[in-house]
Amino acid sequence: MRITMTKKTNLMVNARLAGLGARRAVLFFLMFMTSYISAQNKLFTLEDLNFGGTNYHNLRPQNLFLTWWGDQLMYQDAEEGGTIDDKGRKKACFLLKEVGEGWHSAMNATYPYPGQPLVLLKDSRQRVLYDFKRKQVVWSQHCEGEQNSHWNKCSRAVAYTRDHQLFVRTADNQETQLTTDGSREIVYGEAVHRNEFGINDGLFWSPDGQRLAFYRMDQSMVTDYPQVDIDPRVADYQPDKYPMAGMTSHKVTVGVYDLATKKIVYLQAGDPTDRYFTNIAWSPDGKTVFMQELNRDQNDCRLVCYHAATGKREYELAREKNAKYVEPQNPISFLPWDSNIFIMQSQKDGYNHLYLYSYKGECIKQLTKGPWVVIDVLGFNKENKSVIILSNEKHPLCHNLYAVDVKTGKRTLLDNGEGKHYGVLSDSGTRLYDKYTTPTIPRNIDLVNTATGKSRRLLTAPDPWKDYVVPQYESGSIKAADGTTDLYFRMVKPADFDPQKKYPTIVYVYGGPHAHNVDASWHWNSRSWETYMAQKGYIVFILDNRGSELRGLDFEQATFRQLGQIEMQDQMCGVEYLRSLPYVDMSRLGVHGWSFGGFMTISLMLNYPDVFRVGVAGGPVIDWKWYEVMYGERYMDTPEQNPEGYAKTSLIAKAGNLKGKLQIIIGYNDPTVVPQHALSFLKACAEAGTQPDFFAYPGEGHNMRGHNSVHLHERITQYFEDYLK
């Protein structure tokens, strides 16, 4: 093993040697080096590195689990909760055992009422408010059998589903069943449109908790995909509703339930056929519902408001069109100090930015602008009237926190300008806690004043890998196939890397929308499996091609109607870069990816059969006509509109091109990339006379859960060990 000593270590050794005789100096040096080596000689196992592994939790960077009580920072532990001051000192406010019998964890403790010493706790039995000064439960609510539950702190009412039906339980434990026709075909209160368009929930309380907006999805007309449960004595048919590109999709409507009248009205949005309803938001007074409405072609989006009491359509506030697609991801946010003005996010100038609009739909001004992306809006500092955002303005690989003055648009950096930051605001927005990492920092946590940008360190996490032999992590950039666009890569090399040697190399790829692989976080955001492979003597190379996220609309839309084609061209630019490196053995080049990355893996092996010797493709898309409507049609249009694109990107006709060793792995009950993809490709390979390998995990979905993930990565690793090394 090669030992790399830091300048500080050398100075320390030299200073100690200067005070010793020669013989004693040699003895000390040998003792020091023996200690230095033994402290860093542990090798990783998949039980250490994989999230399903038995030792994984011990090798994660130290963390603090935090929440806010107004502007007071609070910590969350398994057995207690309490305050944490500006120096990181904890003081318990309550012990879980004080609350009563049967409580198992305080990790979900929240403090919904600033100024009131009440902590909200929930388990499968009940939801309680515990007064931690009086040491007693002051309110409780039943919650047995709740699914998809949403609780409102003002009314203390909770909405939830049970056995396909929608319910509301009031603060005094009165339960009302709102629906009777719920089923696997009529779905209430859940995320719709297959979680596209930023949709993660199906229940939306008004700010005062007096009205509930909810989704109703009729998918009775959607084709069943025939999933099978193999555990019973005779395998059981358990179909999924799966609308494939170009086929009949479901119909969504939005209802509003009024706690006072106990009546439901539906928003009068018109015929829901071939339309998407998303980003539901409430006006501050709870009288108006806002919704973004998108056509099936996904190129025309309207922001519309509705009268909550009647469901009547009032007027259209904004409209956005794009020749390729519009992709709304975020609901509007009203200014806390002016209920007549809201912020809307849009990519209409080519990058996701903030726009100020009046309640009547007048665009007052663009609040942020530049060749960078607003990644997230954390909230508002109500005192100095600023909005707190996360953006990559500093660098495409960095995520940094800014305060944006709503009046002037001036941006103030709230962090150190490095690495990848994640912040959570206090109630007033005057403070935030900032969890961040850099390529060399596992995790730091700072407490930040959002008005001044001044911060106090709460935690500096030690390196959890300090006793292990750690690979070398590097990052850089190359030009895309267009010759002008910068693409960023990560390279992982063995700890004892020798530039005079030749190494087998694996290209890890994802490459699809809404994801990136490389950023300025710890080890350049390296996946743990890359560490494991570098330890086994491989180089691993990861490149974010055009089509991936957070680089602007042109970068993302370059792949429109031809998924995989531009991405392959960019990945091959990465391959040419590898070819220029004398230590990369191009005769031993492999490729691996999952989901879109599985599609890319097989695409690269079939289109460049003499370049890649071994591939492992997980959960791969094979033909986009078998993928779902919302995602598939956004990027490819329908098979009827774009037959050339679907033919070009399909891997079925290319099955005969396979030369190298290819292993395909799927979850056999995958509801995202259904098994028809992999099975159809295997059939095509049999007809073409090519010989891929195949493994399936019965009962698993798109990703392997628990310890099966360790088994999966053992299998992936062994395949490269058998055929690439």
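Tabulated data for the structure shown
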quantity: Residues being under 19 Å from TYR538 (Cβ atoms) and open to solvent by less than 10 Å² (accessible area, probe 1.4 Å) - total across the stretch 589-599; calculated: 6
quantity: Residue among MET572, MET586, MET605 that is in a helix (DSSP H, G or I) and open to solvent by 10 Å² or more (accessible area, probe 1.4 Å); calculated: MET572
quantity: In the stretch 183-195, the residues that are in a loop (DSSP other than H, G, I, E, B) and within 12 Å of TYR215 (Cα to Cα); calculated: GLY189, GLU190, ALA191, VAL192
quantity: LEU581 vs. criteria in a loop (DSSP other than H, G, I, E, B), hydrophobic (A, V, I, L, M, F, W, C) and in contact with a helix residue (DSSP H, G or I) (Cβ under 6 Å, 6 or more places away or on another chain); calculated: no
quantity: Flag if ILE389 is surrounded by fewer than 21 Cβ atoms within 10 Å (Cβ to Cβ) and in a strand (DSSP E or B); calculated: no
quantity: Residue in the stretch 40-60 that is within 30 Å of SER140 (Cβ to Cβ), assigned to a loop (DSSP other than H, G, I, E, B) and open to solvent by 30 Å² or more (accessible area, probe 1.4 Å) present; calculated: no
quantity: Residue within the stretch 337-358 that is on the phi < 0 side of the Ramachandran plot, of a type outside the set (Phe, Trp, Tyr), in contact with a Phe, Trp or Tyr (Cβ under 7 Å, 6 or more places away or on another chain) and in a loop (DSSP other than H, G, I, E, B) present; calculated: no
quantity: Candidates SER124, SER105 - the one that is open to solvent by less than 60 Å² (accessible area, probe 1.4 Å), farther than 17 Å from VAL424 by Cβ and not acidic (Asp, Glu); calculated: SER105
quantity: Entirely in the stretch 61-121, the strands (runs of 3 or more DSSP E) that have 2 or more residues that are among the aromatic types (Phe, Trp, Tyr) and touching a residue at least 12 places away in the same chain (Cβ under 8 Å); calculated: 66-69
quantity: All positions within the stretch 439-464 that are in contact with a Leu (Cβ under 7 Å, 6 or more places away or on another chain) and of a type in the set (A, V, I, L, M); calculated: ILE445, LEU447, VAL448, LEU458, LEU459
quantity: Selection count, the stretch 347-383, where residues are open to solvent by 60 Å² or more (accessible area, probe 1.4 Å) and under 23 Å from GLY70 (Cβ atoms); calculated: 3
quantity: Which numbered condition LYS648 fails, given (1) open to solvent by 10 Å² or more (accessible area, probe 1.4 Å); (2) of a type in the set (D, E, K, R); (3) out of contact with any helix residue (DSSP H, G or I) (no Cβ under 7 Å at 6 or more places or on another chain); calculated: (3)
quantity: Qualifying residue in the stretch 705-715 (condition: closer than 23 Å to PRO226 by Cα and open to solvent by 30 Å² or more (accessible area, probe 1.4 Å)); calculated: yes
quantity: Yes/no for VAL289 being open to solvent by less than 50 Å² (accessible area, probe 1.4 Å) and closer than 16 Å to TYR257 by Cα; calculated: yes
quantity: Test result for LYS251, basic (Lys, Arg) and surrounded by fewer than 16 Cβ atoms within 10 Å (Cβ to Cβ); calculated: no
quantity: Residue count, the stretch 200-219 (criterion: assigned to a loop (DSSP other than H, G, I, E, B) and surrounded by fewer than 23 Cβ atoms within 10 Å (Cβ to Cβ)); calculated: 7
quantity: Lone qualifier among VAL611, VAL629, VAL621 - being surrounded by fewer than 20 Cβ atoms within 10 Å (Cβ to Cβ) and among the hydrophobic types (A, V, I, L, M, F, W, C); calculated: VAL611
quantity: Complete set of residues in the stretch 659-683 that are surrounded by fewer than 20 Cβ atoms within 10 Å (Cβ to Cβ) and part of a helix (DSSP H, G or I); calculated: GLN676, LEU679, SER680, LEU682, LYS683
quantity: Yes/no for ALA686 being of a type in the set (Gly, Ala, Ser), open to solvent by 10 Å² or more (accessible area, probe 1.4 Å) and without any contact (Cβ under 8 Å) to a residue 24 or more places away in the chain; calculated: yes
quantity: Identity of the residue in the stretch 270-286, in a loop (DSSP other than H, G, I, E, B) and closer than 20 Å to ARG194 by Cα, that ends up least open to solvent (accessible area, probe 1.4 Å); calculated: PRO272
quantity: Filter pass, ARG233 being assigned to a strand (DSSP E or B), closer than 30 Å to GLN676 by Cα, open to solvent by 20 Å² or more (accessible area, probe 1.4 Å) and modelled with pLDDT of 95 or more; calculated: no
quantity: Restricting the stretch 689-704 to residues that are open to solvent by 50 Å² or more (accessible area, probe 1.4 Å) and more than 19 Å from GLY667 (Cα to Cα), the residue that is nearest to the chain's Cα centre (by Cα); calculated: GLN691
quantity: Matching entry among TYR325, TYR315, TYR306 (being within 20 Å of GLY632 (Cα to Cα) and aromatic (Phe, Trp, Tyr)); calculated: TYR325
quantity: LYS625 vs. criteria touching a strand residue (DSSP E or B) at 6+ places or on another chain (Cβ under 7 Å), touching a residue at least 40 places away in the same chain (Cβ under 8 Å) and either in a loop (DSSP other than H, G, I, E, B) or not acidic (Asp, Glu) (or both); calculated: yes
quantity: Positions within the stretch 76-90 being closer than 22 Å to THR430 by Cα, of a type outside the set (Asp, Glu) and out of contact with any Leu (no Cβ under 6 Å at 6 or more places or on another chain), in sequence order; calculated: GLN76, GLY82, THR83, LYS87, ARG89, LYS90
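The values are calculated or read from the model by the stated rules, or taken from the named source; none is laboratory data. Keep in mind that what you see is a predicted model, and the values were worked out from it rather than measured. FYI the Cβ positions are ideal-geometry reconstructions off the backbone, even for glycines, and counts take in every protein chain you see. With ligands, DNA and RNA removed, areas are computed over all heavy atoms of the protein, side chains included. Shrake-Rupley method; radii C 1.70, N 1.55, O 1.52, S 1.80 Å.
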